[in-house]
Amino acid sequence: LRVVHHGVEICASHPAGLFYGAQTFRQLLPPQIHQHSVEPLRVPALQILDAPRFGWRGLHLDVSRYFMVKRDVMRLIDTIATLKLNRFHWHLTDDQGWRIEIKAYPLLTEIA
């Protein structure tokens, strides 16, 4: 990631690296980016050479024991993406029950 007086340059060897570079740049921006303003944003000139320390950076969500509505799961996935986590382990079922309704298999939710 390189910020110079005429723009921003993000280089990566893989598409995921471009995404993570964009997230790093987004984190440099001031909170005013969420306001509807026409003022130009200023970012200091800098260069960041970045690589993940660990190949597996993830979050485990266990909805078999604690139910979450779809909207909250989607918001969680968006949040972990902005934090540059690259794995999402979704624990959907356990011996206590099945939480997802599948119309073709009604017994999964009826019996569980």
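The values are calculated or read from the model by the stated rules, or taken from the named source; none is laboratory data. None of the values given here were measured: they were computed from a predicted structure. Cβ placement follows ideal geometry from the backbone for every residue including glycine, while neighbour counts extend to all protein chains displayed. Note: accessible area is taken over every heavy atom of the protein model, side chains too, but ligands, DNA and RNA are not part of it. Shrake-Rupley method; radii C 1.70, N 1.55, O 1.52, S 1.80 Å.
Approximating the spin labels as points 7 Å out from Cα along Cα→Cβ, the Ala22-to-His6 distance works out to 2.4 nm.
Give me the percent of the accessible area of the chain that comes from carbon and sulfur atoms, probe 1.4 Å, all protein chains in place. Intermediate results must be reported in sequence, preceding the final value.
Values: 5420 of 9140 Å².
That fraction is 59 percent.
Show me the chymotrypsin sites (Phe, Trp or Tyr not before Pro) within the range 66-95 that DSSP assigns to loop and that have at most 12 other Cβ atoms within 10 Å of their Cβ.
Numbers: sites: Tyr66, Phe67, Phe88, Trp90; in loops: Tyr66, Phe67.
Sparse-neighbourhood loop chymotrypsin sites (Phe, Trp or Tyr not before Pro): Tyr66, Phe67.
Accessible area per residue was computed with a 1.4 Å probe on protein heavy atoms; Ser64 scores about 0 Å². Each label was represented as a point 7 Å from its Cα along the Cα-to-Cβ direction; for Leu76 and His91 these points are 1.1 nm apart. Given (1) 1.03; (2) 1.52; (3) 0.97 as candidate values of Cα Rg over 2.2 N^0.38 Å, which corresponds to the one derived from the coordinates? Of the labelled values, this structure produces (2).
Per-residue ellipticity at 222 nm for the chain, helices alone: DSSP H runs ≥ 4 residues times -39500 (n - 2.57), over residue total, nearest 500 deg cm²/dmol?
Working: 3 runs with 32 residues, N = 112.
Calculated mean residue ellipticity at 222 nm is -8500 deg cm²/dmol.
Give a quick list of trypsin sites (Lys or Arg not before Pro) in the range 1-90 that DSSP marks as loop, anything other than H, G, I, E or B, with at most 13 other Cβ atoms within 10 Å. Here the sparse-neighbourhood loop sites are Arg42, Arg53, Arg57, Arg65.
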